[in-house]
Amino acid sequence: MAKNKQLDLFPVEEMKEMEVESVTLSQEKFEHCEWCYQFDDEEPQIFAWTDDTIDSTEEPRVSFTIGNQKEAYITFSAPNGRTFKLFPRELSEGGKELREKSKLKTQ
């Protein structure tokens, strides 16, 4: 079982004071939109869209959650017969290597 461990990504002794005059962040939001998936550079496939009668105070969003259960998965099928699948599996040697590399980057 994995233990929760807080990572100190920015130790206090390494942080330096920075002076920032002003920062403006903006993201363009679509009033009406659709959500798509795409295989490589192929035609995007629409799988969800905003309802034209939705309450304007509700923020439209699509969320996916895949647990760590053996049979948990999400698949998308393209008109050309290709399938895109998201799923969990037992940690492989490749996964262990990626995990260790990630740990080294945060130390």
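The values are calculated or read from the model by the stated rules, or taken from the named source; none is laboratory data. Keep in mind that what you see is a predicted model, and the values were worked out from it rather than measured. Neighbour counts are summed over all protein chains in view; Cβ atoms, including those assigned to glycine, are modelled from backbone coordinates with ideal geometry.
For region 43-85, name all the residues that are touching a Cys at 6+ places or on another chain (Cβ under 8 Å) and among the hydrophobic types (A, V, I, L, M, F, W, C). Quick ask: steps written out before the conclusion?
Within region 43-85, the first condition is being touching a Cys at 6+ places or on another chain (Cβ under 8 Å), and the residues that meet it are 44-47, 49-50, 60.
Ile46, Phe47, Trp49 - these are the residues of region 43-85 that are touching a Cys at 6+ places or on another chain (Cβ under 8 Å) and among the hydrophobic types (A, V, I, L, M, F, W, C).
Just to be sure before I move on: is Pro88 modelled with pLDDT of 85 or more, within 24 Å of the chain's Cα centre (by Cα) and under 30 Å from Gln107 (Cα atoms) in the structure I sent?
Values: modelled with pLDDT of 85 or more: yes; within 24 Å of the chain's Cα centre (by Cα): yes; under 30 Å from Gln107 (Cα atoms): yes.
Considered against the rule, which asks whether it is modelled with pLDDT of 85 or more, within 24 Å of the chain's Cα centre (by Cα) and under 30 Å from Gln107 (Cα atoms), Pro88 comes out as yes.
Table: residues versus (1) β-branched (Val, Ile, Thr); (2) without any contact (Cβ under 8 Å) to a residue 12 or more places away in the chain; (3) in a loop (DSSP other than H, G, I, E, B).
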position	(1), (2), (3)
Phe39	no, no, yes
Thr53	yes, yes, yes
Glu59	no, yes, yes
Phe64	no, no, yes
Asn80	no, no, yes
Gly95	no, yes, no
Arg99	no, yes, no
task: Can you tell me which residue within region 32-47, out of those that are hydrophobic (A, V, I, L, M, F, W, C) and touching an Asp or Glu at 6+ places or on another chain (Cβ under 9 Å), is farthest from Leu86 (Cα to Cα)?
output: Ile46
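I want to confirm something. Restricting to region 65-107 and keeping residues that are closer than 19 Å to Asp40 by Cβ and of a type in the set (A, V, I, L, M), which single residue is surrounded by the most Cβ atoms within 10 Å (Cβ to Cβ)? Don't jump to the end; show me each part of the working.
So in region 65-107, the residues closer than 19 Å to Asp40 by Cβ come out as 74-86.
Those left that are additionally of a type in the set (A, V, I, L, M): 74, 78, 86.
Details: Ile74: 12, Ala78: 14, Leu86: 11.
Applying the filter and picking the extreme gives Ala78.
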